[in-house]
Every structure is written in structure tokens, then in C-alpha cells.
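The values are calculated or read from the model by the stated rules, or taken from the named source; none is laboratory data. No experiment lies behind these values; they were computed from the predicted model shown. Backbone-built Cβ (ideal geometry, glycine too); neighbour counts: all protein chains shown.
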Amino acid sequence: MIRFIFLSLLLTNYLFGQTPSAGRVKRHIEKLASDKMNGRGTGSPENAKAASYIARYFKKYGLAPLGTDGYNQPFTAKISRVVVPDSLRQATNVIGFLDNGAPYTIVIGAHYDHLGIGRQGSSLETQPAGKIHNGADDNASGVAGLLELAQYFSKNGVKEPYNFLFMAFGAEELGLQGSRYFLNNPTLPLEKMNFMVCMDMIGRYNPERGVGIGGYGTSDAWPTMFKGVDSTIKFFTDRPGNGGSDNASFYAKQIPVLFFHTGGHPDYHKPSDDPDKIDAKAEEAILKLEIRILENAMQQPKLSFTAVK
Ligand SMILES: [Zn+2]
């Protein structure tokens with residue numbers, strides 16, 4: 001009997017130990033959005049530090065590097081919204097591949113850059129220069145989601161019928177530059193991609209609004225994937241897939257997308273977008289909802305793209 005209980009515990013841990021957890025979500029966000037990270041502005045040493053933080057987890061989860069320099073895919077980003085002497089900045093995407101030996105691949109992405117100390121444009125603060133824009137919701141929350149999904153799919157002991165490409169994009173705040181660079185210089189052929197799931201700002205769940213899921217119209221097959229999906233949190237779907245974040249770059253290449261977003265708030269693009277305002281418990285529920293949709297989608301053949309009018 002004792003041996004049986006022990007074995008069940010082991011098995012339970014093996015099967016369910018890797019599901020998204022609010023505790024880990026919180027720790028990732030607190031780390032990436034701490035004042036020490038100086039707002040992860042493009043070209044800053046802290047932005048590079050955030051990239052290595054992500055690569056370290058990709059390595060821990062056994063993902064194969066699919067950048068052009070290990071996990072990194074370096075590129076030059078350009079600041080054009082404000083005039084600065086150093087408008088060209090070194091940036092990088094961070095790319096890890098979970099190879100299940102399948103013909104097609106699901107892309108999961110989130111940007112990790114933010115507005116730094118308010119000298120690269122896009123801040124909504126009146127006097128932004130010199131103030132740390134922590135970007136806890138935008139988009140440490142999405143990166144935490146990316147890492148949790150990477151952990152789940154690489155450690156769940158299941159060989160899924162699709163591969164996964166996990167991507168953290170640089171220079172999104174400068175106009176989707178990382179995702180655009182990747183799509184023009186892909187390290188995996190675009191025709192091998194099934195669809196792309198993007199997370200940008202999933203940490204400020206508002207129970208009245210619910211979590212928005214954009215891109216519902218980008219494949220006629222999406223409604224099938226949502227069949228029977230219930231969740232402890234409220235969600236709604238929205239047809240367009242061409243706005244909001246890096247999903248727009250994939251949509252432009254006719255790849256179906258889903259875009260998860262908990263909505264705007266008064267701290268958006270301000271120094272007050274801080275970790276203590278994150279609802280990690282709700283983010284955990286959002287990630288579990290994503291897993292349910294992904295698992296449904298993996299029962300189906302590769303999606304075909306539909307343009308949303
Ligand atoms: Zn963002």
C-alpha cells in the first residue's frame with residue numbers, strides 16, 4: 001500500500017508537476033521587471049541580461065538552439081520615434097526548438113524588451129527620461145508565460161505530434177522589429193509553421209473584461225479548437241490577428257495566429273507598470289487555458305490561413 005502511494009505520488013508529480021504555476025510566474029516577472037533590469041531597453045546591458053536569462057531556461061528545458069549564434073539571433077534595431085545620437089542598437093531574438101520529430105511546428109512567442117529608462121520613445125509618462133520603465137505586464141508577464149509553456153511541453157513526458165518553436169523577441173517596442181527580422185530571416189522554413197501563439201500583457205487580468213484572444217478569424221479551424229474548452233477564468237475571442245504585437249508579423253506572412261492579452265490599464269507604458277500589480281494566479285489560469293487550446297489544436301491537421309476582412 002505504501003509503495004503504491006509512493007508510486008502514485010511519483011507519477012502525479014511526473015505528469016502534473018510541470019504545469020504552469022503562479023509561484024514561478026511571479027518569480028520570473030519579479031526578476032525581469034526589477035529595478036536592477038533598468039526597463040530592458042533595446043541596446044542596454046540589461047536587455048542583453050534578460051536575453052541570457054531566457055536562454056538559460058531554454059537550455060535547462062533541453063530546447064535545441066535555433067538562433068544564428070546559439071539561441072540568439074542578433075540584429076540591428078533602429079530607434080526612429082525620438083532623435084537620439086545612438087539610434088542604431090544591438091538587439092537579439094532568443095530562439096529554442098522542441099524537436100518532436102514532427103513535420104510541422106507550433107510557434108509560441110513573447111517580446112522581452114521594454115522602454116528602458118524612457119529614452120527610446122513610446123512612454124506615456126510626462127517626463128519619462130531617466131525613469132525606469134519596469135514593464136512587468138509589458139511584457140515580463142508574456143515571457144513568464146513563454147517559459148512556463150516551454151517547461152510544460154518539454155517536461156510533460158509526452159512526445160506531441162507537432163514540434164514547438166519558442167521565441168522571445170527583441171525590439172518589439174520599436175515597432176515589432178525582432179519578429180519582422182525573424183520572418184525575413186527565418187531559421188525554420190515558414191511553410192513548416194502550423195500557427196503562432198503570441199502573449200503580450202497577460203498579467204493584469206480584469207474579471208469584468210476577461211482575457212482577450214485575438215486572431216480567432218485567422219483560420220476557419222479555430223472554432224473547432226475552442227470546442228469544449230472551459231476555464232476558471234473568463235475569456236472572449238476577437239477575429240482580427242493583425243494588431244497588438246508580434247503576431248501581426250506572422251499574420252502578414254499568412255500564418256494563423258492567436259494573441260492573448262488582458263487589456264490596457266493606467267500603468268501602460270509608464271514607470272508604474274510594476275510586478276506587485278500582477279495577478280500571477282490568473283496568469284496561471286490563462287496559461288492552462290492556452291494548453292487546453294493547444295492540445296485540441298494538436299489533434300487536428302495543420303491549420304489553413306484565412307485573411308480577416
Ligand atoms: Zn508589449
* Kindly indicate whether PRO189 is under 26 Å from LEU98 (Cα atoms) and surrounded by 20 or more Cβ atoms within 10 Å (Cβ to Cβ). => no
* Asked: Can you tell me how many residues in the range 82-97 are among the polar types (S, T, N, Q), farther than 30 Å from PRO301 by Cα and either within 16 Å of the ligand (Cβ to nearest atom) or in a strand (DSSP E or B) (or both)?
  -> 2
* To do: Among what's in the range 98-134 and is aliphatic (A, V, I, L, M) and within 16 Å of the ligand (Cβ to nearest atom), pick the residue that is farthest from LEU183 (Cα to Cα).
  => LEU124
* **From PHE195, PHE153, residue being more than 16 Å from the ligand (Cβ to nearest atom), part of a strand (DSSP E or B), on the phi < 0 side of the Ramachandran plot and surrounded by 19 or more Cβ atoms within 10 Å (Cβ to Cβ)** => PHE195
* Do we find that GLU290 is out of contact with any strand residue (DSSP E or B) (no Cβ under 7 Å at 6 or more places or on another chain) and either modelled with pLDDT under 95 or not aliphatic (A, V, I, L, M) (or both) in this structure? -> no
* Considering only the range 290-304, state which residues are assigned to a loop (DSSP other than H, G, I, E, B) and either of a type in the set (A, V, I, L, M) or in contact with a Leu (Cβ under 9 Å, 6 or more places away or on another chain) (or both). => MET298, LEU303
* To do: Taking SER8 as the residue in question, decide whether it is at pLDDT 95 or above and hydroxyl-bearing (Ser, Thr, Tyr).
  => no
* **All positions within the range 44-65 that are surrounded by 22 or more Cβ atoms within 10 Å (Cβ to Cβ) and either assigned to a loop (DSSP other than H, G, I, E, B) or modelled with pLDDT under 95 (or both)** => LEU63
